[in-house]
Amino acid sequence: MRLETLPDWLLPLWQDLHKRGTRLPHALLLSGPEGSGKRLFAEHLARALLCQSPDDRGFSCGTCADCKWIESGNHPDMFTLIPAADEAAAEEEGDGGAESGKKEKAKSTQIVIDQVRSLQASLEVGAGGHAGGRRLVIVDPAEAMNMAAANALLKALEEPNGSTVYLMLSNAPRRLLPTIRSRCQVLDFPRPDTGQAVAWMRGEGIENEALLGFVSGLPLAARNYAKGVLFEARRKVASDLATLGVRDPLKLSADWESSLKAKGAQEGGFTMPILINWLQRWLSDGVRVAGGHPARFFADYTTDLTRQAKGRSEAWLNAYREIETHRRMASHPLNQRLFLEEMLLSVYRRIAIR
Ligand SMILES: [Zn+2]
């Protein structure tokens, strides 16, 4: 598979690494939130390090034997350690999202010790890459390694064999074993400024700039949103909330429950904790708008928020705080419908009744 170009705001990071040439450390920790471009960066770096004739900016040529090999997904010196669940999801995407027809048992969301052992066995075959060059291991995300896996990998990091480069990707580096962190050189992933982000999104055909605030300024995450289940779900939830004053909260609860249970919703990431998070974002935007500040998450609904929240910041703040208590139970409500009803009624009482 051919890689998309690295976005502009990651180029300074790339140039820094490129300048170091062959003096790269044997383990890098690519650190940044989901959607900051770590995986794309790691794939570019892996290709560049295996390529026979990288260009003068340090990117892989795309035409040599190694590049072709990587593109076919079978390069013998390139390894990825990812949770089995992610592997399954990637395969499904490869099918064009086609139905596999069979329900498989849930795949692990952890990276387990068997995966690390099998990696180590592969690394022991031959010495130092198939052509005496480097070998690349991408671990994504590194915090998915369970304790046994992390300890096994730690041994490899403690005894570098000179030719293997580990690219550890992490959304939450604090959750890694300190001993692993300390073996890696950290690369912090920057956020683009708004101008860069919006220009990039336009290039991708994403017109809704308000999404950028919704994904904390990370355009690659905005693209995932724009293409997925969550985009439509967000639109629906926001327009429901914009008309809360004329809705029956009990009917709305039933409606939201069926949206959560709809086919593809959970797989697409539309879950109860996400729904509650959005509700809180809506309320926090209301508080901001009432205080004369721009909406942060639902900037595309500023008119609705202003109409609803103007002069009522205290009521909205109280509603926000009340949701906070619901949020803690969001992952395991005993009865989803009752949970939604109770939550929506309390929001309704605070902000919809005048
Ligand atoms: Zn090449």
Relative contact order (percent) for segment 228-352, with alpha-carbon contacts under 8 angstrom and 6 or more residues of separation? 31 percent
For the chain, calculated [θ]222 nm from helices alone, where every DSSP H run of n ≥ 4 adds -39500 (n - 2.57): -15000 deg cm²/dmol
Per-residue HN-Hα couplings for segment 5-10 [Karplus 6.51, -1.76, 1.60; θ = phi - 60°; Hz; x = Gly/Pro]: 5, 5, x, 3, 6, 9
Return the FRET efficiency for the residue pair residue 191, residue 16: r is the Cβ-Cβ distance, R0 is 22 Å, and the value is rounded to the nearest 0.05. 0.85
Projecting the Cα atoms of 271, 346, 260 onto the charge dipole of segment 228-352, where Lys and Arg contribute +1 and Asp and Glu -1 at Cβ, the residue farthest towards the positive end is 346
Residue-span extension gain [residue 68 to residue 121] - 0.36 nm each, minus C-alpha spacing: 16.6 nm
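Relative contact order, percent, of the chain when contacts are C-alpha pairs under 8 Å separated by at least 6 residues? Don't jump to the answer; show the numbers that get you there.
Working: 455 pairs, mean separation 59.5, N = 354.
Relative contact order here is 17 percent.
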Please compute the length gained on full extension between residue 182 and residue 89, using 0.36 nm multiplied by the number of residues separating them and subtracting their Cα-Cα distance. 30.3 nm
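Please get the size of the charge dipole for segment 8-188, origin at its Cα centre, with Cβ charges of +1 on Lys and Arg and -1 on Asp and Glu, quoted in debye to the nearest 20. Write down the numbers at each step before the final one.
Values: 20 positive and 24 negative charges, 131 e Å.
Dipole size: approximately 620 debye.
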Rounded to whole angstrom, the alpha-carbon centroid of segment 124-202 lies from that of segment 295-341 at a distance of 38 Å
Going through 19/155; 236/263; 227/263 one by one, the pairs whose alpha carbons sit over 20 Å apart turn out to be 19/155
GNM on the chain, Cα springs under 10 Å; top mean-square fluctuation among 194, 243, 306 goes to 243
Dipole check, the chain, charges on Cβ (K,R +1; D,E -1), about Cα centroid: among 115, 167, 249 the Cα furthest to the positive pole belongs to 249
When the dipole is taken about the Cα centre of the chain, and only Lys, Arg (+1) and Asp, Glu (-1) are charged at their Cβ, what size is it in debye, to the nearest 20? 1000 debye
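Could you give the dipole magnitude of segment 228-352 about its Cα centre, charging the beta-carbon of Lys and Arg +1 and that of Asp and Glu -1, in debye to the nearest 20?
It comes to approximately 180 debye.
Bear in mind these aren't lab numbers, they're just calculated from the coordinates by the rules spelled out. Please read these numbers as outputs of a predicted model, since none were measured by experiment. Cβ sites come from the backbone with ideal geometry, for glycine too, and all protein chains shown count toward neighbours.
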